[in-house]
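The values are calculated or read from the model by the stated rules, or taken from the named source; none is laboratory data. Everything quoted here is computed from the prediction, not taken from an experiment. Using ideal geometry, Cβ is built from the backbone for each residue, glycine included, and neighbour counts are taken over all protein chains shown.
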Amino acid sequence: MDYRIGLGHDVHAFTEGDHLVLGGVKIPHNKAFMAHSDGDVLLHAICDALLGALALGDIGKHFPDTSSEFENIDSRVLLRHVYSLIKDKGFHLQNLDSVIMAESPRMAKFIEPMRSNIAQDLGVNISRVGIKATTTEGLGFVGNKEGVAVSANVLIYKV
């Protein structure tokens with residue numbers, strides 16, 4: 001079997017708004033993400049990890065923020081498209097693991113719906129989708145509540 005590992009990382013700053021979108025889940029909050037798309041930093045990091053596993057560039061290469069075609073787009077659409085590129089090359093997801101770094105809002109009650117959305121979009125069992133959340137103990141960009149950062153790793157395989 002041919003295994004590949006990919007790493008993705010994304011960050012979005014906050015702006016005025018009333019909710020965030022993470023893992024395709026609308027989360028009530030007193031801020032929104034500053035972004036060209038819906039700003040789903042979790043799905044963006046996963047897309048970058050998938051693309052990176054096959055050296056296909058990054059999300060900006062495939063969905064440039066200079067294109068009106070992708071303005072306010074649902075990032076689940078982007079994730080499904082990226083995964084179709086992976087499958088077209090004969091690869092499948094073995095598993096993914098990710099960590100959301102955010103001081104607020106608290107993520108615990110939203111993690112299972114996020115996992116479910118991602119598993120559905122990738123056509124895999126939910127047991128293959130890991131999502132964790134942490135704070136940065138008040139340190140840095142995340143700790144100052146200026147935005148959210150996410151890191152994601154994927155393992156894909158070709159039989």
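Inside segment 88-128, can you point out the residues that are among the acidic types (Asp, Glu) and under 14 Å from the mean Cα position of the chain (by Cα)? Before you say what the answer is, go through the steps one by one.
We begin by selecting, within segment 88-128, every residue among the acidic types (Asp, Glu); these are 88, 97, 103, 112, 121.
Matches in segment 88-128: Asp97, Asp121.
Restricting attention to segment 82-93, which residues are of a type in the set (A, V, I, L, M) and either free of Cβ contacts under 8 Å to residues at least 24 places away in the same chain or over 18 Å from Ala35 (Cβ atoms) (or both)?
The answer is Leu85, Ile86, Leu93.
Ser68 fails exactly one of the following numbered conditions: (1) small (Gly, Ala, Ser); (2) in contact (Cβ under 8 Å) with a residue 12 or more places away in the chain; (3) out of contact with any Phe, Trp or Tyr (no Cβ under 8 Å at 6 or more places or on another chain). What is the number of that condition?
Condition (2) is where Ser68 drops out.
For segment 104-140, what are the residues that are exposed (fewer than 15 other Cβ atoms within 10 Å of the Cβ) and hydrophobic (A, V, I, L, M, F, W, C)?
Once the filter is applied, which keeps residues that are exposed (fewer than 15 other Cβ atoms within 10 Å of the Cβ) and hydrophobic (A, V, I, L, M, F, W, C), segment 104-140 yields Ala108, Ile126, Leu139.
Quick test of your reading of the structure: Glu146 fulfils all but one of (1) surrounded by 20 or more Cβ atoms within 10 Å (Cβ to Cβ); (2) among the acidic types (Asp, Glu); (3) under 19 Å from Phe33 (Cα atoms). Name the failing condition by number.
Only one criterion is unmet by Glu146, namely (1).
Considering His62, His81, which residue is at pLDDT below 95, closer than 18 Å to Cys47 by Cα and of a type outside the set (A, V, I, L, M)?
Answer to the selection: His62.
List the number of the failed condition for Met101; all other conditions in (1) surrounded by 15 or more Cβ atoms within 10 Å (Cβ to Cβ); (2) closer than 21 Å to Ile156 by Cα hold.
Condition not satisfied by Met101: (2).
Can you tell me how many residues in segment 145-159 are polar (S, T, N, Q) and either without any contact (Cβ under 8 Å) to a residue 40 or more places away in the chain or at positive phi (or both)?
Number of matching residues: 0.
Test of understanding: among Leu56, Leu96, Leu79, which residue is crowded, with 19+ Cβ neighbours inside 10 Å, in contact (Cβ under 8 Å) with a residue 24 or more places away in the chain and farther than 30 Å from Glu16 by Cβ?
When all the criteria are applied, what remains is Leu96.
Name, by its number, the condition in (1) closer than 16 Å to Gly24 by Cβ; (2) polar (S, T, N, Q); (3) without any contact (Cβ under 8 Å) to a residue 40 or more places away in the chain that does not hold for Asn125.
It fails just one condition, (1).
When the residues of segment 1-52 are narrowed to those that are touching a His at 6+ places or on another chain (Cβ under 7 Å) and among the β-branched types (Val, Ile, Thr), which ends up surrounded by the fewest Cβ atoms within 10 Å (Cβ to Cβ)?
Ile27
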